[in-house]
Amino acid sequence: MKLQQLRYLCEVARRDLNVSAAAESLYTSQPGVSKQIRQLESELGLHIFTRSGKHLTEITPAGRDIIKAAERILSEVENIRRLAEEHTGHDRGSLSIATTHTQARYALPPVIQAFRKKYPSVSLHMHQGTPMQISELASNRTVDFAIATEALELFEDLVMLPCYRWNRCIVVPTGHVLEKARPLTLKAIAAHPIVTYVFGFTGRSQLDQAFAAKGLTPQVVFTATDADVIKTYVRLGLGVGIIANMAYNKKIDQDLTALDAGHLFEPSVTRIGFKRGSVLRDYMYDFIELFAPHLTRARVDEAARLKTRTERDRLFDKVRLPCY
């Protein structure tokens with residue numbers, strides 16, 4: 001049994017039994033992956049996958065158990081590698097992050113800048129995607145950290161820690177009738193076409209819940225994952241925009257007016273997370289603390305020892321999270 005075979009096995013499972021896609025992601029050939037999996041099955045004396053001709057169709061019950069064990073083994077192999085790197089070069093290595101556009105564009109730049117100044121020999125890699133993609137990348141250790149706000153149920157195998165609270169603003173072209181709304185209400189906003197985030201992104205669920213609680217059905221005419229794109233279409237007159245406060249910049253967005261909507265929506269919490277059981281290198285702890293100063297090494301380690309998100313949230317009940 002070889003580690004390479006276990007990597008192939010787990011990657012095929014992650015790729016919905018698409019051997020070609022697994023081979024491409026592993027920078028190898030499809031026949032090579034198929035051959036190694038068959039050799040592993042022959043050595044174990046059982047089938048990990050059922051087949052129809054040359055195609056894998058299903059994971060067998062025994063295969064599910066074997067894949068889970070293989071994932072644990074590969075996770076420990078990664079931990080050993082990190083421990084060795086920490087002893088041979090504590091300020092060298094790589095750090096990869098998966099997050100949404102809003103975090104990458106507005107929240108992370110000063111953190112990245114400070115981190116690069118402290119660790120110039122650590123290479124940084126950022127992946128942007130949906131909450132589903134972010135959770136998968138962190139779960140299979142393609143990235144070290146996931147940073148997300150929405151769909152936390154997808155992150156059950158990650159240690160997700162609260163970083164900061166944020167809320168929304170309404171952006172309209174300067175001179176728009178909503179500027180005169182006193183007070184600004186959801187009913188007044190719902191009277192106009194709305195341009196906002198795709199469902200599942202950047203606190204969108206909180207937005208929908210707020211309108212539903214008032215018995216309102218907003219006319220969402222355009223959605224995007226990128227706040228800059230949303231502002232572009234507000235400028236074109238498609239509707240009023242609802243975006244994260246941090247995505248509005250007075251200097252850049254001089255032709256738009258931001259109307260505070262903090263009284264209309266419940267605040268959202270952005271979290272940073274890593275695979276449960278991971279060994280974090282020193283510079284990884286430092287990155288977390290740069291992003292969320294209350295997440296000291298001691299607190300991160302304490303949270304990692306807890307088994308459920310409810311227990312971890314309790315740990316931070318009395319911590320006053322910063323607000324954007």
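The values are calculated or read from the model by the stated rules, or taken from the named source; none is laboratory data. Remember, it's a predicted structure, so these values are computed and weren't measured experimentally. Counting neighbours? That spans all protein chains shown, and the Cβs are built from the backbone with ideal geometry, glycine included. For accessibility, only protein heavy atoms count, side chains too; no ligands or nucleic acids. Shrake-Rupley method; radii C 1.70, N 1.55, O 1.52, S 1.80 Å.
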**Fill in**
Under the 7 Å Cα-to-Cβ spin-label approximation, THR50 and TYR27 lie apart by a distance in nanometres of 3.7
**Request:** Output ³J(HN,Hα) for region 35-48: one whole-Hz value per residue in order, computed from phi by the Karplus curve 6.51 cos²θ - 1.76 cosθ + 1.60 with θ = phi - 60°, and x for Gly and Pro.
**Result:** 5, 5, 5, 5, 5, 5, 4, 5, 5, 7, x, 7, 8, 8
**Request:** Evaluate the distance, in nm, between pseudo-label points positioned 7 Å from the Cα of MET132 and of GLN113 along their respective Cα→Cβ axes.
**Result:** 3.6
**Prompt:** Where the accessible area of region 93-241 is counted over protein heavy atoms with a 1.4 Å probe, how much of it, in %, is carbon and sulfur?
**Reply:** 55
**Prompt:** Considering only protein heavy atoms, what per residue accessible area in square angstrom results for the chain with a 1.4 angstrom probe?
**Reply:** 51
**Message:** Using 0.36 nm times the number of residues separating ARG105 and ASP65, minus their current alpha carbon distance, what extension gain do you get?
**Reply:** 10.4 nm
**Message:** How big is region 33-100 along each principal axis, measuring the range of its Cα positions in Å and listing the largest first?
**Reply:** 50, 34, 21
**Prompt:** FRET efficiency for GLN4 and LEU315, Cβ-Cβ distance as r, R0 = 45 Å, nearest 0.05?
**Reply:** 0.70
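Using just the alpha carbons, could you tell me how many Å³ per residue the convex hull of region 166-324 encloses?
Per-residue hull volume (Cα only) is 140 Å³.
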**Message:** What whole-number volume per residue, in cubic angstrom, does the convex hull of the C-alpha atoms of the chain give?
**Reply:** 172
**Request:** Taking amide H positions as placed in the peptide plane 1.01 Å from N, state which residues far from VAL171 in sequence (5 or more) or on other chains have amide H under 5 Å from it.
**Result:** GLY241, ILE242, ILE243, LEU259
**Request:** Quick one: which residues, 5 or more positions from TYR164 or on another chain, have an amide H under 5 Å from its amide H? H modelled 1.01 Å from N in the peptide plane, none for Pro or chain starts.
**Result:** THR270
**Asked** Tell me, in nm to one decimal, what length is gained between SER205 and ARG165 on full extension, where the rule is 0.36 nm per residue of separation less the Cα-Cα distance?
**Response** 12.9 nm
**Fill in**
CD proxy, 222 nm, the chain: helix-only mean residue ellipticity via -39,500 (n - 2.57) per DSSP H run with n ≥ 4, per residue, nearest 500, stands at -12000 deg cm²/dmol
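What value does region 1-128 have for Rg/Rh, both radii from Cα atoms and Rh as Kirkwood defines it?
Ratio of gyration radius to Kirkwood radius: 1.10.
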**Request:** Show the residues, 5+ positions off or on another chain, whose built amide H is closer than 5 Å to the amide H of ALA224.
**Result:** THR196, TYR197, VAL198
**Message:** Only four residue types carry charge here, +1 at the Cβ of Lys and Arg and -1 at the Cβ of Asp and Glu. Report the dipole size of the chain about the Cα centre in Debye, rounded to the nearest 20.
**Reply:** 320
**Subset of LYS187/LYS214; LYS214/LYS318; LYS214/LYS250 violating a 19 Å alpha-carbon distance limit** = LYS214/LYS318; LYS214/LYS250
**Item:** Charge dipole of region 168-324 about the Cα centre (unit charges at C-beta), most positive-ward option of ILE252, LEU236, PHE291
**Value:** PHE291
